[in-house]
Amino acid sequence: MKIYKYVACFVLAFSFFACEKSSDQVDEELIITDSKVEYTVFIQNNNFLNGVVVGSSIEEFAVKSTLSSFNDIPSNAITYRTPTGISYYATSNCKATLQWFNAENATSESVSVFEDINPCDIDVLSMAHSNEMLAIAYEKELLGKDKQFVVRTNSLIGSVNDPTEISLNKKPVNVVISTDRLFVLTMNEFITDEFYLFVIDLNTNEILMELDLGLDAQRLFANSSGDVIISYPEFHTILDPVTLDKSYTTYGENTEPGFITTTDYYIDNSGKFYFQKNMPSAEIEEVPAIYDFEKNSTVVYIFENFLTDTELNMKYSIANTSAIAYDEKNNYILIGYEKNGQTDKGGILRITPAPDFKLIDNIDLDGVPKTIFVK
């Protein structure tokens, strides 16, 4: 078969190397030695999310089954992802439900939340979960008073619904859980660029401290080691969840990785961050990218640098990147994408990473992939 040699695009800490597509062609046999894995893919179709299991082996890359116990989630549900699971919060007829999926054992559960509060009377802003705990941050309008800001925590172990509410004096905009602590990014509504971080002990539900984050803190992530990543436009801070020691990484001019705006992401065991990067200069603006925290460098996979024009615009008809994951067993990057001009149609490309990356194969899906788990 024919394969193409292309050049990946690198955004380094201090410099930018533009990419050029190679026109060289090499006739050689591409030998694929797949380890058998399964991918659980959450796809959007008709404004709902459903789960499918995709089997992968050297013989077949195809949908095997659906997640019958985990379906018809509104596409506008609030989402929280960990390396091993995902949860969705949604309301219907003023009833709030949380559904979550454990990718390690392929089980799913659901629980009713806000049984003591009318969910239509509050505005849920963010949420997070661990294997044991759920945290939901919300605001509530008070007649003739300022808004009430609250984080509700509840154990996910056992059948007793016994929530605890923690009041905050600033608007909670993002939350993550790490090492039995809840980290809440808050914003001073009167000074909209001023942000703070509340650290809450989930065993006692006590606020341990409030950290002044300064201006323009945008988003929280937790990496594979449990460290909390506080993301700013021009740098990020890594916070030890136990000692609360901080380290800072500043980006070079025009080399910001840009993972603040990603809608899906994956952090592998080495700490590399797989995400969707906005590239206005590229033919497809939402492209896959990988940020290496240790090297402070980004590899950007611009589609036109590893697909021919026919593949990009006709065979796969790619409109944008909608999901991303990494298959460690096979060393494949999984790129979920939405098809151009085809409602609720998408697919997944598998490629090998830079520097010797190649297109391996593709699967078309009856829906747009939003999150991918590798088992």
In region 297-375, GluC sites (Glu not before Pro) in a DSSP loop with at most 14 other beta-carbon atoms within 10 Å: E328
Once region 48-125 is represented by equal point scatterers at the alpha-carbon sites, with solvent omitted, what log10 I(q)/I(0) does the Debye formula produce at q = 0.14, 0.20 Å⁻¹? -0.53, -0.93
Stretch gain in nm, segment N76-K95, where the contour uses 0.36 nm per residue and the Cα spacing is subtracted: 5.3 nm
Percent relative contact order for the chain, counting Cα pairs under 8 Å at least six residues apart, stands at 14 percent
Which order do you get for T40, T204 if you rank them by accessible area with a 1.4 Å probe, largest at the top? T204, T40
FRET efficiency for F235 and S281 from the Cβ-Cβ distance with R0 = 22 Å, rounded to 0.05, comes out at 0.45
Give, in nm to one decimal, the length gained when the segment between N340 and K358 is fully stretched (0.36 nm per residue of separation minus the Cα-Cα distance). 4.2 nm
Gain on full stretching of the segment that runs from A106 to A62 - 0.36 nm per residue minus C-alpha separation: 14.0 nm
Taking only protein heavy atoms into account and a 1.4 Å probe, give the accessible area per residue of region 185-301 in Å². 46 Å²
Extending each Cα 7 Å along its Cβ direction at I207 and N188, get the distance between those two points in nm, one decimal. 1.4 nm
Of all C-alpha pairs within region 301-375, those more than 16 angstrom apart amount in percent to 45 percent
Can you pull out the chymotrypsin sites (Phe, Trp or Tyr not before Pro) in region 189-229 whose DSSP state is coil and whose Cβ has at most 13 other Cβ atoms within 10 Å? F190
Measure off 7 Å from each Cα along the Cα-to-Cβ vector at M314 and T164, then give the distance between these two points in nanometres to one decimal. 6.3 nm
Any number yet on Rg/Rh for region 188-322, C-alpha, Kirkwood? 1.05
May I have the pair-distance distribution P(r) for region 254-299, computed from all Cα-Cα distances with 5 Å bins from 0 and rounded to whole percent? 5, 23, 32, 25, 11, 4, 0
For region 32-111, which trypsin sites (Lys or Arg not before Pro) are both in a DSSP coil and crowded by at most 14 other Cβ atoms within 10 Å? K36
Note on region 162-279: contact order normalised by length, alpha-carbon pairs under 8 Å, 6 or more apart, percent, works out to 15 percent
Eight or more residues apart or on different chains, and alpha-carbon atoms under 22 Å: count the Lys pairs in region 169-311 matching that. 4
Pairs of Cα atoms under 8 Å, at least six residues apart: use those to get the relative contact order of region 50-125, whole percent. 19 percent
Carbon plus sulfur, as percent of the 1.4 Å-probe accessible area of region 90-239, comes to 43 percent
In the chain, what is the volume of the convex hull around the alpha carbon atoms, normalised per residue and reported in Å³? 149 Å³
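The values are calculated or read from the model by the stated rules, or taken from the named source; none is laboratory data. In this text the structure is predicted, and so the values were computed from the model without any measurement. Ideal geometry is used to build each Cβ from the backbone, glycine not excepted, and the neighbour counts take in all protein chains shown. Protein only, heavy atoms only, side chains kept; ligands, DNA and RNA dropped before computing areas. Shrake-Rupley method; radii C 1.70, N 1.55, O 1.52, S 1.80 Å.
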